[in-house]
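Undergrad: I'd like to ask you about the structure that follows.
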Amino acid sequence: MISHATAPGPFPTAHYLAEEVVHASGLDCTIIQPTSFAQHLLTNPALFTASGSTLFLPTGDAGVAWLDCRDIAAAAVELVTMASAQRAAWRGRVFEFTGPQPVTATEMGEHIGCLTGRSIDVVADEQRYLERGGPRRFGWARRRLRGGGPRAGSRK
């Protein structure tokens, strides 16, 4: 598990802080930590559009083992539908789910190019992604790390 001191950016930091809230609550739970959803590439216009020729990823040079949301859902269904005695063995545990192989932004652009038959430019920069409308909803995590905490009733 990452810590707020080692998180590589606002997305993992926000996830870490949310998990800390769950752990501190005392709830009997199992946490699933999936990597990035492959569906984001189809549904988030800040990343890519079907008519576009540029892929914007906030990942820098890091490889991401993209995951299909349906695989995450299937694993979650298995966990929550287990008999209580079986489920007890999984309580309090954290599972990291990843796709089969990390892919860099450049490699993802090449894959999309092969699928679309077009040349795809790649911009692997978090700031450019945010400028295109990538989610800014992780400001609460940055404030909390600076000691301010989230605003009451808000996660913005």
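Here, each number is a calculation from the coordinates, and none is a lab measurement. In this text, all values refer to a predicted model and were calculated from it rather than measured experimentally. Positions of Cβ are backbone-derived with ideal geometry, glycine not excepted, and every protein chain shown enters the neighbour counts.
Undergrad: With a 10 Å Cβ neighbour count serving as the proxy for reagent exposure, in which order, fewest first, do I120, I31 appear?
TA: I31, I120
Undergrad: Check which residues have an amide H placed less than 5 Å from F97's amide H, if you skip close sequence neighbours.
TA: Q33, T35
Undergrad: Here is a follow-up. In which sequence would L130, L57, L17 go, from the one with the fewest C-beta neighbours within 10 Å to the one with the most? Could the numbers behind the result be given before it?
TA: Details: L130 16, L57 26, L17 19.
Listed from fewest to most nearby Cβ atoms, that is L130, L17, L57.
Undergrad: Any idea how far apart Q127 and E19 come out in nm if each label point goes 7 Å out from Cα toward Cβ?
TA: Calculated label separation equals 2.9 nm.
Undergrad: Let me ask something additional. Rounded, prolate or oblate: pick one for region 25-143, where a ≥ b ≥ c are the square roots of the eigenvalues of its C-alpha gyration tensor, a/c under 1.5 means rounded, and failing that, prolate if a/b is larger than b/c, else oblate.
TA: Because a/c hits 1.5 or more and a/b exceeds b/c, region 25-143 counts as prolate.
Undergrad: Let me ask something else. Amide H to amide H under 5 Å from L55: which residues, 5+ apart in sequence or cross-chain, H placed 1.01 Å off N in plane?
TA: D121, V122, V123
Undergrad: Let me ask something additional. Just to check I understand the Karplus step: with θ = phi - 60° and J = 6.51 cos²θ - 1.76 cosθ + 1.60, what whole-Hz values come out for region 24-38, glycine and proline as x?
TA: Karplus values, whole Hz, x for Gly and Pro: 5, 6, x, 4, 7, 9, 10, 9, 10, 10, x, 6, 5, 7, 4.
Undergrad: Provide the per-residue ³J(HN,Hα) series for region 93-110, in order, calculated from phi with Karplus coefficients 6.51, -1.76, 1.60 and θ = phi - 60°, each as a whole number of Hz, with x at glycine and proline positions.
TA: 9, 10, 10, 8, 9, 10, x, x, 7, x, 10, 6, 4, 4, 5, 5, x, 5
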